[in-house]
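Laboratory data are not the source of any read-out in this text; all were calculated from the coordinates shown. Just so it is clear, the model here is predicted, and its values are computed rather than measured. Using ideal geometry, Cβ is built from the backbone for each residue, glycine included, and neighbour counts are taken over all protein chains shown.
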Amino acid sequence: TGKTFQFKLVLLGESAVGKSSLVLRFVKGQFYEHQESTIGAAFLTQTINLDDMVIKFEIWDTAGQERFHSLAPMYYRGAQAAIVVYDITNKESFNRAKVWIEELQKQASPNIVIALAGNKNDLDTSRTTTYEEGSAFAEENNLLFLETSAKTANNVNEIFMVIAKKLPKV
Ligand code: GDP
Ligand code: MG
């Protein structure tokens, strides 16, 4: 194989939207109905192959931004990619995701690749945010967008893959 490229990626979003579950699914292929809540932040790595390249993600899974919001910049500063997660069954988490996007666009590195993830799309019958709402907001703000499910694994590898494709390999 060819060159290895390393990227720092941060997950942001309201608590309980499934940030840790998405990371656990991507890194270990596992899912827990009773995922333990994260304290501070967790750091994990995972590599994927893209064409003849190896893409290594250094993933910062954050937590407790309500109480510890002032710590967030520590995690997104210097990040080349971010996944902002909301829960499709929780409207407030979608509104919160919009605020995170705004903050990243103002404060993070200007070239940061941002993906919006509408998680828990296995819970379609309890949905409060439509696919179209998520996708329209993403389009207006130049974000990658996928609905995901850490539970069924739907679009989890895919969201990291579309980010990997968009990241500049220099
Ligand atoms: P975090 O606080 O954003 O890290 O959220 P967690 O990963 O801790 O998940 C919060 C709760 O939602 C846990 O009970 C998870 O099992 C559950 N959860 C996470 N992702 C999904 C999903 O895609 N579908 C469903 N049905 N539940 C999920
Ligand atoms: Mg967590």
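Quick notes
- Prolate/oblate/rounded call for region 1-125, Cα gyration tensor, a/c under 1.5 rounded: oblate
- Ascending count of other beta-carbon atoms within 10 Å, so fewest first, for Ile101, Ile88: Ile101, Ile88
- Cα-Cα over 26 Å, subset of Lys3/Lys106; Lys28/Lys166; Lys106/Lys151; Lys91/Lys166: Lys3/Lys106; Lys106/Lys151; Lys91/Lys166
- Label-to-label distance, nm, for residues given as Tyr131 and Glu36 (7 Å Cα→Cβ offset): 3.7
- Across the chain, the longest piece that holds none of the trypsin sites (Lys or Arg not before Pro) lying in DSSP loops with up to 14 other C-beta atoms within 10 Å covers 78-168.
- Length gained when the stretch Gln46-Glu92 is fully extended (0.36 nm per residue, less Cα-Cα span): 13.5 nm
- Estimated dipole of region 3-80 in Debye, rounded to 20 [Cβ of Lys and Arg +1, of Asp and Glu -1, Cα centre]: 200
- Estimated 222 nm signal from helices in the chain, with DSSP H stretches of n ≥ 4 weighted -39500 (n - 2.57), rounded to 500: -9500 deg cm²/dmol
- Global form of region 88-170, assessed from the alpha-carbon gyration tensor, a/c cut-off 1.5: oblate
- Most mobile listed residue (Ser126, Ser149, Ser93) in the chain, GNM with C-alpha springs under 10 Å: Ser126
- The order of Ser15, Ser70, going from fewest to most other C-beta atoms within 10 Å of their C-beta, is Ser70, Ser15.
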